[in-house]
Amino acid sequence: QVQLVESGGGLVQAGGSLTLACTTSLRTFSTYAMGWFRQAPGKEREFVAHIMWNGRSTYYADSVEGRFTMYRDDARSTVYLQMNMLEPEDTAVYYCAARTVVPSIQATGYSYWGQGTQVTVSS
């Protein structure tokens, strides 16, 4: 059974930083594109960032561009989301997701999901 486990969430003040990690049990992790999504209370799940299977390309939502950085470590089957200059609007449960090869900004295109990790940014 494939597992994706997020970690690194927590409570931080506005302007602060957090780095989320998503460790997977995918045997062929290096062939998977990975995405980060988030869901705030009462809102739809939204795209945050994704990375190509080979790590050569990343793409970010406008709301996080320039503040968040996504990268991967294939040796650890793990992806990371470094979040800087956090804002209260970034408060949400953050999920990682996996799909083969080509990433997508659509949540429906992903085959595997983690359970999420809470990020709370206080003002």
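The values are calculated or read from the model by the stated rules, or taken from the named source; none is laboratory data. Owing to the predicted nature of the structure, the values given are computational and were not obtained by experimental measurement. Neighbour counts run over all protein chains shown; Cβ positions are idealised from the backbone, glycine included. Keep in mind that these areas ignore ligands, DNA and RNA; they rest on the heavy atoms of the full protein, side chains included. Shrake-Rupley method; radii C 1.70, N 1.55, O 1.52, S 1.80 Å.
For the reader, a short list of remarks on this structure follows.
- Point-to-point label distance, S7-A75, nm (Cα→Cβ direction, 7 Å offset): 1.8 nm
- When the P(r) is computed for the chain, the part past 26 Å accounts for 13% of the Cα-Cα pairs.
- Given 13 as the ceiling on other Cβ atoms within 10 Å, longest exposed-site-free region of the chain for GluC sites (Glu not before Pro) in DSSP loops: 66-123
- Carbon plus sulfur fraction of accessible area for the chain, probe 1.4 Å, in percent: 47 percent
- In a reduced charge model with +1 at each Lys and Arg Cβ and -1 at each Asp and Glu Cβ, the chain shows a dipole moment near 380 debye about its Cα centre.
- DSSP loop trypsin sites (Lys or Arg not before Pro) with at most 11 other Cβ within 10 Å excluded, longest remaining stretch of the chain: 57-123
- Additional length obtainable on full extension of the chain from T58 to T120, 0.36 nm per residue less Cα span: 19.9 nm
- Ordered by 1.4 Å accessible area with all protein chains kept, T120, T100 run largest first as T100, T120.
- Annotation: per residue accessible area for region 22-123 equals 51 Å², rounded to a whole number [probe 1.4 Å, protein chains only].
- Nearest-0.05 FRET efficiency for S104 and R27, computed from C-beta distance (R0 30 Å): 0.90
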